[in-house]
Amino acid sequence: MYTIISGTNRLGSHTEKVAKEYQRILKNKNIDANIFSLKGLDVLHRSDELIKVEADILIPTDKFIFIIPEYNGSYPGVLKSMIDNSDTRKVWNYKKALLTGVATGRAGNLRGMDHLSDTLHFMKMNVFYNKLPISIIDKVMDKEGQLNDETSLAVNKQIDEFLDY
């Protein structure tokens with residue numbers, strides 16, 4: 001099972017649009033993938049809601065795709081809280097992860113992807129080598145959520161490689 005994690009709880013974010021684009025591309029490759037959004041989810045403690053999400057979505061997932069926006073040179077605290085309050089062994093250990101950074105700046109959240117990679121490695125996850133930084137997201141994605149040709153090619157290549165991983 002594939003799950004795309006939209007790594008923020010911010011309303012109207014580019015991150016959610018990118019997650020939907022990944023889902024669309026995967027669907028075109030005959031792969032069903034859930035989108036797991038952090039919007040409205042109580043992750044500040046081990047809530048009943050988080051436990052249900054674990055059982056229904058996170059534990060059954062074999063391959064995760066993290067779409068992570070840049071927050072102050074790293075990844076969002078809400079994502080870190082969700083990870084910290086989950087059952088690490090059941091949810092994350094020995095599973096595979098693909099990382100895509102999203103930023104309006106020029107680096108595409110490279111540091112945030114490195115920080116998240118370190119966290120995921122600590123939890124014994126296998127992080128795929130092709131971490132894709134999507135820079136100037138407000139310029140490479142249109143209002144309908146479609147990526148420009150160059151970015152779309154890079155995403156497709158990344159996904160194709162991850163499917164074989």
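Okay, here's what the table says:
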| quantity | calculated |
| --- | --- |
| Cross-link pairs beyond the 21 Å C-alpha cut-off, checked among K29/K139; K17/K139; K20/K157 | K29/K139 |
| Inter-probe distance in nm under a simple model that places probes 7 Å from Cα toward Cβ, at N30 and L110 | 3.8 |
| Taking N as its residue count, the alpha carbon Rg of the stretch 2-164 over 2.2 N^0.38 Å | 0.96 |
| Straight-distance crosslink candidates among aspartates and glutamates, where the alpha carbon sits under 20 Å from K90 and sequence neighbours closer than 8 are dropped | D42, D48, E49, E54, D56, D62, D118 |
| Residue-averaged 222 nm ellipticity for the chain, from DSSP H runs of 4+ at -39500 (n - 2.57), nearest 500 | -11500 deg cm²/dmol |
| Near-label residues of the stretch 1-16 by backbone N, under 18 Å of a point 7 Å along Cα→Cβ of K90 | 1 |
| Gain on full stretching of the segment that runs from D149 to K52 - 0.36 nm per residue minus C-alpha separation | 31.1 nm |
| Folded to 0 to 90 degrees: helix 149-164 orientation relative to the chain principal axis, Cα | 40 |
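Coordinate-derived values only; no laboratory data. What you are looking at is a predicted structure, and each value in this text was computed from that prediction instead of being measured. Cβ sites come from the backbone with ideal geometry, for glycine too, and all protein chains shown count toward neighbours.
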